[in-house]
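Encoded as structure tokens, the structure appears first; notes follow it.
The values are calculated or read from the model by the stated rules, or taken from the named source; none is laboratory data. Bear in mind the structure is a predicted one, so any value in this text is a computation, not a measurement. Glycine gets a Cβ as well: all are built from the backbone with ideal geometry, and neighbour counts include every protein chain shown. These accessible areas exclude ligands, DNA and RNA; they are computed on the full protein's heavy atoms, side chains included. Shrake-Rupley method; radii C 1.70, N 1.55, O 1.52, S 1.80 Å.
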Amino acid sequence: MSDPEIEFRREGPAAERVEARVNLAAIERNCARLRTELTHGAALCAVVKANGYGHGAVQSARAALAGGASWLAVSGARELRELREAGLREVRVLVMGPLTPVELGETLAVGGEVVVWNEAYLQAVAAAGGGRVHVKFDSGMGRLGTRDPEQAGEVADLAATLGGIELAGAMTHFATADELDDKGFFAEQLASFTSWARRVSERHPGVIVHAGNSAAMLREVNAQFDMVRCGIAVYGMDPFGRDPALRGLEPALELGSYVAEVKPCVAGESAGYGRRFVAEHDTFLGVIPVGYGDGWRRSLSNNADVLIGGERHPLVGTVSMDSITVDLGPDPGAAGRLRGARAILIGIQGSQRITAEEVARRLDTINYEVTCALTPRVPRVYHRDGSPGHGAQTAAQAPAGGR
Ligand SMILES: Cc1ncc(COP(=O)(O)O)c(C=O)c1O
């Protein structure tokens with residue numbers, strides 16, 4: 001679903017009350033960068049579930065493919081349909097989540113490759129029309145997949161012989177790849193998957209072995225196998241929650257709004273629901289039209305900075321559904337000049353930078369959740385390093401996938 005083009009302007013105030021500007025060139029470069037880590041020639045599968053981690057699934061997918069990804073992954077049938085309907089018909093897409101019988105039929109009908117983990121589900125895939133399957137061994141995540149390597153092997157054997165089914169892949173998912181201090185659990189999972197996958201590959205040559213997400217592939221070359229499934233790093237965020245620049249990743253998303261009003265707030269006056277901010281001294285407040293209805297979470301009340309005029313200004317008071325207030329300081333001239341100025345919630349302004357990782361730390365969560373939380377009300381405006389991109393989309397693309 002796309003709306004009429006929203007003009008992309010590199011400088012100056014935003015065209016809308018709040019926008020997520022997505023740099024597709026950054027996604028492309030992140031993929032190219034990730035590929036340089038693939039020392040054994042593994043394929044890069046770009047994970048574009050949950051509306052491309054909030055960036056827009058179709059646009060992100062196209063940029064990732066241009067940057068060298070050769071597969072895509074989503075969570076469910078609806079997400080696959082969106083890609084296919086947008087014209088991404090030939091690319092191999094792994095649908096990683098469990099599927100209802102209806103979803104299975106839809107997925108297989110448009111060539112989606114599904115994850116199977118037991119005989120009954122495999123038979124359901126065959127009954128729904130058959131297609132390519134990837135057998136999942138639960139090496140420690142404790143979600144989909146059997147923990148029994150024998151049983152997982154038997155599912156693979158059956159997949160290889162069942163009419164209409166093609167055994168395409170053997171996979172697992174790591175629970176602690178992003179936790180460097182995981183007491184050896186990642187290494188244990190890797191060892192157990194490696195020996196299982198070796199047996200499957202011996203019995204079924206040509207099967208694509210895959211396990212690593214962004215953290216795993218950056219952390220351990222032996223987790224790369226034949227393919228890696230990367231999401232967070234594709235969007236230029238750091239899987240370990242650190243500064244993405246340290247790994248040469250470029251955040252693709254900027255969240256911006258503007259100062260809609262500047263008003264005095266004398267000592268003792270308050271701002272926002274619940275009077276959670278009461279001015280200790282005379283100051284000026286900026287009112288910015290972004291709120292939890294846009295995904296700027298209420299827990300950021302009195303707990304975030306906003307870049308305005310090249311400087312950090314503290315968010316003061318409670319985050320409302322549609323607006324926040326920031327403290328612009330006591331100088332009437334300086335505050336007045338900021339009326340109408342661009343306000344950056346995630347991104348760079350002057351020498352200042354606010355990353356999704358910083359916002360995540362304040363919320364005691366992970367960067368994934370920060371961008372996934374941006375609601376359909378926030379238009380995604382695409383560009384390539386500041387040049388107008390491929391229009392905007394304002395609608396939700398899909399329900400969020402699991403992580
Ligand atoms: C099964 C599976 N593989 C790969 C990924 C991509 O992980 P990341 O975004 O950490 O690279 C996910 C995301 O949650 C996933 O669920």
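Only residues that are among the aliphatic types (A, V, I, L, M) and open to solvent by less than 30 Å² (accessible area, probe 1.4 Å) were counted in segment 274-289, giving 3. Screening segment 52-94 for residues that are β-branched (Val, Ile, Thr) and over 16 Å from the mean Cα position of the chain (by Cα) and picking the one that is least open to solvent (accessible area, probe 1.4 Å) gives Val93. Against the test of being more than 25 Å from the chain's Cα centre (by Cα), open to solvent by less than 40 Å² (accessible area, probe 1.4 Å) and of a type outside the set (Phe, Trp, Tyr), the options Val125, Val102 yield a single qualifying residue, Val125. Here segment 178-206 is the region considered, the condition is being away from the ligand (no atom under 16 Å from the Cβ) and of a type in the set (A, V, I, L, M), and the residue that is nearest to Tyr53 (Cα to Cα) is Ala187. Only a single criterion out of (1) within 14 Å of the ligand (Cβ to nearest atom); (2) buried (at least 24 other Cβ atoms within 10 Å of the Cβ) is not satisfied by Gly241, namely (2).
Conditions (1) aliphatic (A, V, I, L, M); (2) crowded, with 23+ Cβ neighbours inside 10 Å; (3) modelled with pLDDT under 95, marked per residue:
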| residue | (1), (2), (3) |
| --- | --- |
| Ala159 | yes, yes, no |
| Thr172 | no, yes, no |
| Arg198 | no, no, no |
| Met217 | yes, yes, no |
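Yes or no, residue by residue, for (1) among the hydrophobic types (A, V, I, L, M, F, W, C); (2) farther than 20 Å from Val359 by Cβ; (3) touching a Lys or Arg at 6+ places or on another chain (Cβ under 8 Å):
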residue: Asn222; (1), (2), (3): no, yes, no
residue: Ala233; (1), (2), (3): yes, no, yes
residue: Met237; (1), (2), (3): yes, no, no
residue: Ser257; (1), (2), (3): no, no, yes
residue: Val266; (1), (2), (3): yes, yes, no
residue: Tyr273; (1), (2), (3): no, yes, no
residue: Asp294; (1), (2), (3): no, no, yes
residue: Asn302; (1), (2), (3): no, no, yes
residue: Gly317; (1), (2), (3): no, no, yes
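Among all positions in segment 105-114, there is at least one residue which is open to solvent by 20 Å² or more (accessible area, probe 1.4 Å), away from the ligand (no atom under 15 Å from the Cβ), without any contact (Cβ under 8 Å) to a residue 60 or more places away in the chain and among the charged types (D, E, K, R).
Of the strands (runs of 3 or more DSSP E) entirely within segment 290-367, those holding at least 3 residues that are open to solvent by 40 Å² or more (accessible area, probe 1.4 Å) occupy 311-316.
Put simply, of Val209, Val228 the only residue that is farther than 29 Å from Ala356 by Cα, within 14 Å of the ligand (Cβ to nearest atom) and open to solvent by less than 40 Å² (accessible area, probe 1.4 Å) is Val209. Filtered by the rule that a residue be within 16 Å of the ligand (Cβ to nearest atom), in contact with an Asp or Glu (Cβ under 8 Å, 6 or more places away or on another chain) and not aliphatic (A, V, I, L, M), segment 74-99 gives Gly76, Arg92. Can you tell me which residues in segment 217-240 are assigned to a loop (DSSP other than H, G, I, E, B) and either closer than 14 Å to Ala43 by Cβ or polar (S, T, N, Q) (or both)? Gln224, Phe225, Asp226, listed by residue number. Tallying residues that are under 20 Å from Arg361 (Cα atoms) and touching a helix residue (DSSP H, G or I) at 6+ places or on another chain (Cβ under 9 Å) within segment 297-325 yields 13. Among the numbered conditions (1) open to solvent by 10 Å² or more (accessible area, probe 1.4 Å); (2) closer than 28 Å to Ser60 by Cα; (3) not in a strand (DSSP E or B), the only one that Glu254 does not meet is (3).
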